[in-house]
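S.K.: First the structure, which I've put down as structure tokens, then a few questions once you've had a look.
The values are calculated or read from the model by the stated rules, or taken from the named source; none is laboratory data. Nothing here was measured: the structure is a model prediction, and the numbers come from that model. Cβ coordinates were reconstructed from backbone atoms using ideal geometry, including for glycine residues, and neighbour counts include every protein chain displayed.
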Amino acid sequence: MRALLAALFAGGLVGLAGPAAAQRVMSLDSCADQYVLALAPRETVVGLSPRADAPDSFLRARARGLPQRRATIEAALGARPDVVVRQWGGDARLTAALQRRGIRTVSLGDATDFDGVRANVRQVAAALNRQAAGEALLADMDGKLAQAAGAGRGRSAFYLTPGGYTAGPSTMIDAMLRAAGFTNAATQPYFSPAPLEALVLAPPKAVVLGFFDLTRAGADRWGPGRHAALRQATRGRVIASLPGAMLGCSAWFAADGAQALAEVTRP
């Protein structure tokens, strides 16, 4: 009888205790910041990177007022997180030190397509017990992709940055262009210098600019992306200039870029 009463009493205490406490979370770099800001309740965020509210941070408005910390073991131990999220921030020694202290580390993949983004979102959502929030974020992303699909009607589009770089296959930029129904004019995989001579001889039919909003007036006046011959080759062909905050990380908001391209393409 005493054993039965003890069991019932213990069960009552468990019931009164309610759900488990929310996971305290810290992110180590600006791309990990985006996932944490999107998925973690604000009161559980105990640390963001020092660039969380920079102009190239998509969710910089949400980062304001939250603590920013360097990617060091001292900063992490001071924040006392249960979960640390990283993509490129920190190093193997830091990750190992965190794991030895029982702090779970979530390392995001370098997504080059929307399936990779889905995997990253679900990985963070699962670590934070926020699966419903993760699926809602992905549903919003997929809705935007559905709206953008086919808008480019297979037209060739060339991506260009102020530094004179473009993006070919195996990049999130390529996935964004294809999601909006365009064919990527850049055929070399990954990121590479824009082929100036080829562009002058055969100017692209459509040009998508990226990161030009983050350049200071005159700062990149002589940068490769502002070369006089390149400006001439792209004159009158720019269909969109996408903000750097939308392009700096491989994340769900690449769908916003696809949607923006669709909106300027459709009559």
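S.K.: Looking at this structure, is Pro203 touching a helix residue (DSSP H, G or I) at 6+ places or on another chain (Cβ under 6 Å), assigned to a loop (DSSP other than H, G, I, E, B) and surrounded by fewer than 17 Cβ atoms within 10 Å (Cβ to Cβ)?
M.R.: Working: touching a helix residue (DSSP H, G or I) at 6+ places or on another chain (Cβ under 6 Å): yes; assigned to a loop (DSSP other than H, G, I, E, B): yes; surrounded by fewer than 17 Cβ atoms within 10 Å (Cβ to Cβ): yes.
Taking the combined requirement at face value, the residue satisfies it.
S.K.: Turning to a different aspect of this structure: Could you say whether any residue in the range 150-161 is in the same structural domain as Pro243 (by TED's automatic domain parsing), out of contact with any helix residue (DSSP H, G or I) (no Cβ under 9 Å at 6 or more places or on another chain) and not hydroxyl-bearing (Ser, Thr, Tyr)?
M.R.: Yes: one or more hits.
S.K.: Moving to a separate point now. Of all residues in the range 113-129, which are more than 19 Å from Gly257 (Cα to Cα), under 13 Å from the mean Cα position of the chain (by Cα) and buried (at least 20 other Cβ atoms within 10 Å of the Cβ)?
M.R.: We begin by selecting, within the range 113-129, every residue more than 19 Å from Gly257 (Cα to Cα); these are 119, 122-129.
Narrowing further to those that are under 13 Å from the mean Cα position of the chain (by Cα): 119, 124.
Residue satisfying the conditions is Val124 alone.
S.K.: Follow-up question, since we're still on this one. Looking only at the range 95-137, count every residue that is part of a helix (DSSP H, G or I) and either farther than 22 Å from Thr44 by Cβ or in contact (Cβ under 8 Å) with a residue 24 or more places away in the chain (or both) and tell me the total.
M.R.: Number satisfying all stated conditions: 18.
S.K.: Which one of these does Asp82 not meet: (1) under 19 Å from the mean Cα position of the chain (by Cα); (2) surrounded by 17 or more Cβ atoms within 10 Å (Cβ to Cβ); (3) at pLDDT 95 or above?
M.R.: Every condition holds for Asp82 apart from (1).
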